[in-house]
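Enquirer: Okay, here's the structure, questions in a sec.
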Amino acid sequence: MTNYMEIALTPAVLAVQERKGSRGHYGEVAEGDHEHPIELSADELEMIATRDSFYLATVSETGWPYVQHRGGDVGFVRQLDAHTIGWAERTGNRQYLGTGNITATHRIAAIFVDYPTRTRLKLYGRATYHPDPSAELIEALSAADLRVDGAITVTAIGTNWNCPKYITPRFTEPQIRAHTARLEDRIERLEAELQALRTSHP
């Protein structure tokens, strides 16, 4: 939870907590600069590396937030160093709302969710848009075979594991198949045995 609550607990948030009686649950807010890069833990990197999607929030220079879904193959978000992640931007509807916000303010928030285990990781970071990513960055993002429309890199500033409450478990088709493969094999064998019995006893 490095830096996360120190950034998130603004005076207005603290005032609401005080009114609602939850202020004591979150401890004291440490003074100082909490917007320096942090080193991502092995558990955090594993969570990020095993996602096929996440939710990205940016903020415009006029102060309005914008939230969008980012998706791709499992592991499309890559670790670049101890405190930096990144991904290749794919061609979309070409509105560039989040991209424009990043070029203006650089501040982002992201949520990575593992629905089967009801786990979520929240991340604050400073993002950079690379309109013409270098060959080295494209290689680091494993995007050499993709049609890319730039790249985003994010320096992690704060992280927080969130509680599983109200996360409904959801499963992808490959995850379901992994659990039902044994049953499907058994059904196939039983059908073959049934067909053999029918053939031998017309």
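The values are calculated or read from the model by the stated rules, or taken from the named source; none is laboratory data. The model shown is predicted, which means the values in this text are computed figures rather than measured ones. Methodologically, a virtual Cβ is constructed for each residue, glycine included, from the backbone with ideal geometry; neighbour enumeration extends over all protein chains shown.
Table: residues versus (1) in a loop (DSSP other than H, G, I, E, B); (2) at pLDDT 95 or above; (3) under 24 Å from Thr84 (Cβ atoms).
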residue	(1), (2), (3)
Ala15	no, no, no
Arg19	no, no, no
Gly24	no, no, no
Glu31	yes, no, no
Glu44	no, yes, yes
Ile48	no, yes, yes
Phe54	no, yes, yes
Ala57	no, yes, yes
Thr62	yes, yes, no
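Enquirer: A further question on this structure: From Ala196, Ala156, Ala151, Ala110, grab the single residue that is under 19 Å from the mean Cα position of the chain (by Cα), more than 16 Å from Met47 (Cα to Cα) and of a type in the set (Gly, Ala, Ser).
Expert: Step by step, each of Ala196, Ala156, Ala151, Ala110 is checked, and only Ala151 is under 19 Å from the mean Cα position of the chain (by Cα), more than 16 Å from Met47 (Cα to Cα) and of a type in the set (Gly, Ala, Ser).
Enquirer: Is there any pair with a first residue in region 42-60 that is within 19 Å of Ala127 (Cβ to Cβ) and a second that is among the β-branched types (Val, Ile, Thr) and in a loop (DSSP other than H, G, I, E, B) whose Cβ atoms are under 9 Å apart and which are 6 or more apart or on different chains, and what are they?
Expert: That search, which allows pairs on different chains as well, returns Ile48/Val77; Ala49/Val74; Ala49/Val77; Arg51/Val74; Arg51/Val77; Phe54/Val77.
Enquirer: Every residue in region 89-104 that is within 14 Å of Leu56 (Cα to Cα) and in contact (Cβ under 8 Å) with a residue 24 or more places away in the chain, please.
Expert: Glu89, Leu97, Gly98, Thr99, Gly100, Asn101, Ile102
Enquirer: I would also like to ask the following. Here are the criteria: (1) hydroxyl-bearing (Ser, Thr, Tyr); (2) assigned to a loop (DSSP other than H, G, I, E, B); (3) in contact with a helix residue (DSSP H, G or I) (Cβ under 8 Å, 6 or more places away or on another chain). Tell me which single one Thr168 does not satisfy.
Expert: (3)
Enquirer: Then there is this: Please specify each residue of region 91-137 satisfying the condition of being of a type in the set (A, V, I, L, M, F, W, C) and under 21 Å from Gly75 (Cα atoms).
Expert: Ile108, Ala109, Ala110, Ile111, Phe112, Val113, Leu121, Leu123, Ala127, Ala135, Leu137
Enquirer: Return the only residue of Gly125, Gly98, Gly150 being outside any loop (DSSP other than H, G, I, E, B) and touching a Leu at 6+ places or on another chain (Cβ under 7 Å). If you could, list the steps in order and put the result at the bottom.
Expert: On the way: Gly125 fails: touching a Leu at 6+ places or on another chain (Cβ under 7 Å); Gly150 fails: touching a Leu at 6+ places or on another chain (Cβ under 7 Å).
Among Gly125, Gly98, Gly150, only Gly98 is outside any loop (DSSP other than H, G, I, E, B) and touching a Leu at 6+ places or on another chain (Cβ under 7 Å).
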